[in-house]
1. Do we have residue 62 as modelled with pLDDT of 85 or more, surrounded by fewer than 17 Cβ atoms within 10 Å (Cβ to Cβ), farther than 27 Å from residue 134 by Cα and outside the structural domain of residue 141 (by TED's automatic domain parsing) here?
2. Say whether the condition of being assigned to a helix (DSSP H, G or I), farther than 18 Å from residue 203 by Cα and modelled with pLDDT of 80 or more is met by at least one residue in the stretch 250-264.
3. What are the residues in the stretch 210-226 that are outside any loop (DSSP other than H, G, I, E, B) and modelled with pLDDT of 90 or more, if any?
4. Taking the condition modelled with pLDDT of 90 or more and surrounded by 13 or more Cβ atoms within 10 Å (Cβ to Cβ), does residue 207 pass?
5. Just to confirm my filter: which helices (runs of 4 or more DSSP H) fall fully inside the stretch 1-47 and include at least 1 residues that are in contact (Cβ under 8 Å) with a residue 40 or more places away in the chain, of a type in the set (A, V, I, L, M) and crowded, with 20+ Cβ neighbours inside 10 Å?
6. So residue 54 ticks every box in (1) modelled with pLDDT under 85; (2) closer than 30 Å to residue 136 by Cα; (3) not β-branched (Val, Ile, Thr) but one. Which box is left unticked?
7. Looking only at the stretch 206-252, which residues are without any contact (Cβ under 8 Å) to a residue 60 or more places away in the chain and of a type in the set (Val, Ile, Thr)?
8. Looking at the stretch 122-132, can you tell me whether even one residue there is of a type in the set (S, T, N, Q) and touching a Phe, Trp or Tyr at 6+ places or on another chain (Cβ under 7 Å)?
Amino acid sequence: MQIRALMYFDELVRTNSMRQAAENLNVAPTAISRQIENLEYHFGAPLVERSARGVKLTAAGELLAARAGRTLRELDHVQQLIEDLKGLQRGRVNIYANGATVANLLAPALAEFSLKYPKLRFAVTITSARAAIEAVNSAEADIAVTLFAPPMSGTKVRLRSEIAYDLITSPSHPAAARPDIPLKELADYALALPDQSFGFRQAFDALFEKEGLSLDPVFVTSSLEMLKELVLSNAAVTLLPALTVRREIEAEQLCAIPLAGKTSIRTHVDLCVAPDRQLSFAATKLLDFIERFMRERANRQTTSKTDSKE
């Protein structure tokens with residue numbers, strides 16, 4: 001069985017059209033049909049049913065389709081490893097991340113790393129934390145950088161950095177001048193919070209319930225950008241790690257006030273890879289760099305908090 005046949009089949013599955021698959025691959029439709037017939041001969045079973053409305057996968061076709069994409073990605077990965085053995089200082093890294101980690105963590109890390117290794121190329125996909133982890137598990141991503149990630153199996157957490165949540169307000173909000181905020185006072189403010197699909201929101205709800213407090217947020221959203229805009233307009237306050245709004249804090253557009261006492265809420269930024277997959281030269285270098293970048297940033301934050309207390 002040839003790799004080309006799998007590539008043609010994978011494109012046919014993606015487009016659901018012999019004609020479109022042929023156009024995308026710059027070959028004649030008969031070439032697609034011939035390679036599909038080769039696959040059907042190899043497996044001894046029909047893979048597609050052709051009709052005027054396109055193609056429909058048979059049960060055997062569905063089985064092959066579920067594995068063909070990953071097989072081709074793994075072959076691309078092997079090609080990269082072989083190039084590494086040749087000493088080629090080039091490559092491509094696929095990174096999946098959720099939006100909260102991008103502006104103030106991943107983007108500056110990638111910018112600095114790219115200046116050191118200008119021949120490397122990067123594909124960054126912004127998605128949910130769950131989808132980022134799933135992308136690593138399915139070999140679509142080399143590295144995942146996540147915040148608010150749900151517990152999931154199948155990945156190796158290379159580095160976990162703990163982050164505390166602060167009350168995020170506009171500078172004109174009455175709470176902005178406070179050194180810290182007791183948990184019970186949060187109920188007095190117009191709150192904007194992430195929806196309950198976020199692990200943080202679940203922990204926050206549990207903490208409120210434990211303290212015997214009622215929670216009635218004015219705004220609930222799955223968008224970090226929406227939370228920031230609501231706070232910037234002084235319509236609400238929210239709870240987020242200061243890391244996620246560092247740029248706005250440094251521009252004095254937002255303020256971060258710690259929660260008082262021992263009622264802090266914490267989450268983790270996770271740097272994840274697949275435990276059984278050897279990374280390419282480019283991905284390995286980037287992984288090491290992001291890990292070092294995260295450690296240095298965590299150390300700076302710890303030092304800054306110590307100095308402020310003194």
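1. No: the conditions fail for residue 62.
2. Quick first cut of the stretch 250-264, residues assigned to a helix (DSSP H, G or I) only: 250.
Retained after the next criterion (residues that are farther than 18 Å from residue 203 by Cα): 250.
Within this subset, residues satisfying the condition of being modelled with pLDDT of 80 or more are 250.
The answer is yes; a qualifying residue exists.
3. Keep residues of the stretch 210-226 that are outside any loop (DSSP other than H, G, I, E, B), which gives 210, 219-221, 224-226.
Residues satisfying the conditions are 219, 220, 221, 226.
4. Working: modelled with pLDDT of 90 or more: no; surrounded by 13 or more Cβ atoms within 10 Å (Cβ to Cβ): yes.
Answer is no for this residue.
5. Values: elements: 3-15, 18-25, 29-43.
Per the criteria, 3-15.
6. (2)
7. The answer is 218, 220, 221, 249.
8. Here is the first cut: in the stretch 122-132, the residues of a type in the set (S, T, N, Q) are 125, 127-128.
Then drop every residue that is not touching a Phe, Trp or Tyr at 6+ places or on another chain (Cβ under 7 Å), which leaves 125, 127.
Yes.
The values are calculated or read from the model by the stated rules, or taken from the named source; none is laboratory data. Predicted model only: the values in this text are computed from it and were never measured. Neighbour counts are summed over all protein chains in view; Cβ atoms, including those assigned to glycine, are modelled from backbone coordinates with ideal geometry.
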